[in-house]
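The values are calculated or read from the model by the stated rules, or taken from the named source; none is laboratory data. A quick note: this is a predicted structure, and the numbers were derived from the prediction, not measured. Every residue, glycine among them, receives a Cβ derived from its backbone with ideal geometry; neighbour counts consider all protein chains shown. Keep in mind that these areas ignore ligands, DNA and RNA; they rest on the heavy atoms of the full protein, side chains included. Shrake-Rupley method; radii C 1.70, N 1.55, O 1.52, S 1.80 Å.
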Amino acid sequence: MIATFDELPDIDAANAVRCARVLLRRPLLRPGGPDGDLLPMIYRQRVVLQEIFSSLLGYRLVVERRFARLYKSGPGVDATRGEASLSPRGYAYLALTLAALTGIGRQVLLSRLVSDVRAAAAEAEIRVVDDPADRRALTAALRHLVALGVITETEGSVAAEATVEALITIDTDLLGQLISGPLAEADSPEQLVELASAAGPRNLEHAVRRRLVEDPVVLYSDLPAEHSAWLREHVTGESRLLERFFGLVSECRAEGVVVCDPEDYLTDLVFPGPGTVARIALLALPELLGRAEPDAAGKHPVTWQDFVDVCQDLVDSYPAAWSRQATEDHQALVHSVVALLRRLGLLQELDGRWLLSPAAHRWLPQPDATPAPGREPEPAAPEPPGWSLFDEMTVFDEMQGDGQR
């Protein structure tokens, strides 16, 4: 399928797969950042990597010696797949900051940057309120750019306090790589998002394969009819392709496909996990799945009251097992459990109804045989006595004695 990859020696092919996995997780890679030590290898393998992403996913990959940028399609309408540190207002400030940085030069004082950002907000008719919540949103946007390496705190640091000054250095090369959509071709924000998420030349094939790579659970019922039919027909070949080029393992079921990373490197949210919310979400699944029969797509309808009742029952049944802080506000706990299940793709809201994915059956907890702390296991029953070496020696001695007599 990909000639340059097929011609690679085994070691180079393995390195290409490793680099592809890194780029899927770190679409903007730079020296000094997470996994930045692999940038030289990515630069050496850039031709085959560009062909892999272009041919298989319709993604554009730009590789320079100082950075690598994979232009992915983004999460689309899925609000649970955004940057956790950014609120909607934080995202607005991120866009305004990028606009302000484009004509500001390579260095700027933090106070000047903040003034330019607020001027850009006024120009865009976005209301700005200089209160603590607003400053935290702006600070979160700036801290995100610091984490990406687009801006660097040369002197001082970015903080929410308005009186703190800092000198900011801008990496203009990285700044120019952030926007994934063609700004010159878009007449509105909605059109920019649409153009950025448009599939490649093989529209249907790329669209379905992107879902498999980016989402751990893909149900046939959630896909357009044409996409669902294509995936059903090609699911075996797609499973082999994902494993060969990205190291992903697929499980094909009647309802759809689950894609797993055996190394958990591409897993952005581990489940089951530690903490009260994650454990209650796990233990709530059996009861929630059993409250209603699944529909034709295998999804189980649940209500908000079901979540309230099941979570309350778990908290009351095992009061010493949970964090007191997490269970003090029961409604907040329920909201957290629902939010976690939505981020995992196990719960979706459709036409005013809550539906649990059939993939939730994968995580039904099973009791283990490990004894509780302080409780020793029952001792094993003694084995019946049998012959030993000494028994055999006794018989031998008797035989010797008979010979002497």
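The single condition among (1) closer than 18 Å to LEU56 by Cα; (2) in contact (Cβ under 8 Å) with a residue 12 or more places away in the chain that GLU243 does not satisfy is (2). With respect to the conditions (1) surrounded by fewer than 21 Cβ atoms within 10 Å (Cβ to Cβ); (2) under 17 Å from ARG210 (Cβ atoms), GLY32 lacks only one, and its number is (2).
Can you spot a residue in the stretch 74-88 that is within 21 Å of LEU178 (Cβ to Cβ), in contact with a Leu (Cβ under 7 Å, 6 or more places away or on another chain), open to solvent by 70 Å² or more (accessible area, probe 1.4 Å) and of a type outside the set (Asp, Glu)? No, the conditions are met nowhere in the stretch 74-88. In the stretch 134-157, of all residues being more than 26 Å from the chain's Cα centre (by Cα) and without any contact (Cβ under 8 Å) to a residue 24 or more places away in the chain, the one that is most open to solvent (accessible area, probe 1.4 Å) corresponds to GLU155. For the stretch 100-132, the set of residues classified as without any contact (Cβ under 8 Å) to a residue 24 or more places away in the chain, assigned to a helix (DSSP H, G or I) and open to solvent by 60 Å² or more (accessible area, probe 1.4 Å) consists of ARG112, SER115, ARG118, ALA122, GLU123, listed by residue number.
Candidates in the stretch 339-370 are the residues that are surrounded by 12 or more Cβ atoms within 10 Å (Cβ to Cβ) and of a type in the set (D, E, K, R); of these, the one that is modelled with the highest pLDDT is ARG342.
Taking first residues from the stretch 253-266 that are more than 17 Å from ALA225 (Cα to Cα) and partners that are part of a loop (DSSP other than H, G, I, E, B), the Cβ contacts under 6 Å between residues at least 6 apart in sequence or on separate chains come to VAL259/PRO216; VAL259/LEU248; ASP261/LEU248; ASP261/THR267.
Going through PHE5, PHE53 one at a time, which residue ends up being in contact with a Leu (Cβ under 6 Å, 6 or more places away or on another chain) and not small (Gly, Ala, Ser)? The conditions single out PHE53. With respect to (1) over 18 Å from PHE246 (Cα atoms); (2) touching a strand residue (DSSP E or B) at 6+ places or on another chain (Cβ under 8 Å); (3) open to solvent by less than 20 Å² (accessible area, probe 1.4 Å), the lone exception for VAL62 is condition (3). Does LEU285 count as touching a His at 6+ places or on another chain (Cβ under 9 Å), among the aliphatic types (A, V, I, L, M) and buried (at least 19 other Cβ atoms within 10 Å of the Cβ)? So LEU285 fits the description; yes.
Look through ARG89, ARG135 and report the one residue that is over 27 Å from PRO27 (Cα atoms) and in a helix (DSSP H, G or I). Break it down into steps so the answer makes sense when it comes.
On the way: ARG89 fails: over 27 Å from PRO27 (Cα atoms).
Unique residue meeting the criteria: ARG135.
Taking the criterion of being within 22 Å of the chain's Cα centre (by Cα) and open to solvent by less than 30 Å² (accessible area, probe 1.4 Å), the only residue of the stretch 179-198 that qualifies is ALA196. Among the residues of the stretch 1-43, those that are outside any helix (DSSP H, G or I) and more than 19 Å from the chain's Cα centre (by Cα) comprise MET1, ILE2, GLU7, LEU8, PRO9, ARG30, PRO31, GLY32.
Determine if the stretch 315-338 includes at least one residue that is of a type outside the set (S, T, N, Q), open to solvent by 30 Å² or more (accessible area, probe 1.4 Å), outside any loop (DSSP other than H, G, I, E, B) and closer than 28 Å to TYR220 by Cβ. No.
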